[in-house]
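Notes follow once the structure below has been shown.
The values are calculated or read from the model by the stated rules, or taken from the named source; none is laboratory data. Being a predicted model, the structure only gives us computed values, none of them experimental. For neighbour counting, all protein chains shown are included, and Cβ atoms are generated from backbone atoms with ideal geometry for every residue, glycine included.
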Amino acid sequence: MTFVRTQQFQTYPPRTISRGTFRALVDALKEFRPGLITTDRKIKAQAISHGKITNLEGPESWKVLDEHSLSELEHLQVEMLLTASPTESCELHIEFRGNHVALSVSDIKTGWGKAVFEEARHLLELYEISLRGWKQSFIRTYQLVEILQTPLMVLAAAVFAVWLKYGGVNYAYAAVGFMLSGVIPTLRTLWRFFRPAKRIQIVQEADPKVPKFPWMEASSVLAFIASVLSLTKEVITWLGTK
């Protein structure tokens, strides 16, 4: 018999959560999409620290944390299996690690996969485990700036070469803008190299502190926007003189 399996997967930046938040997440899964006609629902949780693995199943599987030191926790996950028939099922998987949070849904012939995935995303946003709104857009914009870092540096060098040969202070302004958009991510990368970030704690007893505003990322995005506007202005001016 052929099984048709569909999968959806998404990762988020690492996020420190409290013990209470993890419990609330597991409790929310008990009433997850009650309208689905299922023959069985199973919730499982697993915690790993220094080779010690603990597994629990059931509505109180959040107690999987009780046997581990939160400061040494390396991996925490919760799964929910929704069964429609012996050959039809949908599995939701939420994973917490020191370098990412992952959400995945695997669906076999139920057709629930997309709805379960979207509901799980909303659940993560509700408990502020995943980014949403302008924060997510901001992270994506900064990632785009980092991807464009090398091409921007090459283009900046080319613009400087033209400026040195033919003169014109406006070209220099455009080049400086491009240099800034490439230099700031470079400085941030060097900072990470010489002072690597510590592993983010997955779970702690109380709610974690609000993270500081990412000034370096904001400066990079602003420099990138300024450089694009500067180049656009110079192109329009050049076309107007023709």
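Quick notes
- Filtering region 1-54 to residues that are of a type in the set (Gly, Ala, Ser) and over 19 Å from the mean Cα position of the chain (by Cα) leaves 20, 24, 28, 35, 45, 47, 49, 51.
- Among (1) in contact (Cβ under 8 Å) with a residue 12 or more places away in the chain; (2) within 21 Å of the chain's Cα centre (by Cα) - the single one residue 80 does not satisfy: (2)
- Some residue of region 4-17 being modelled with pLDDT of 90 or more and closer than 14 Å to residue 119 by Cβ: yes
- Unique residue being surrounded by fewer than 21 Cβ atoms within 10 Å (Cβ to Cβ) and not in a loop (DSSP other than H, G, I, E, B) when the list is 43, 94, 48: 48
- Selection status of residue 39, under 23 Å from residue 126 (Cα atoms) and at pLDDT 90 or above: no
- Residue list for region 50-74, restricted to those being touching a residue at least 40 places away in the same chain (Cβ under 8 Å) and of a type outside the set (Phe, Trp, Tyr): 65, 70, 71, 73, 74
- The condition of being in a strand (DSSP E or B) and of a type in the set (Phe, Trp, Tyr) does not hold for residue 32.
- Residue check for residue 83: crowded, with 16+ Cβ neighbours inside 10 Å, among the polar types (S, T, N, Q), closer than 15 Å to residue 201 by Cα and not assigned by TED's automatic domain parsing to the domain that holds residue 204: no
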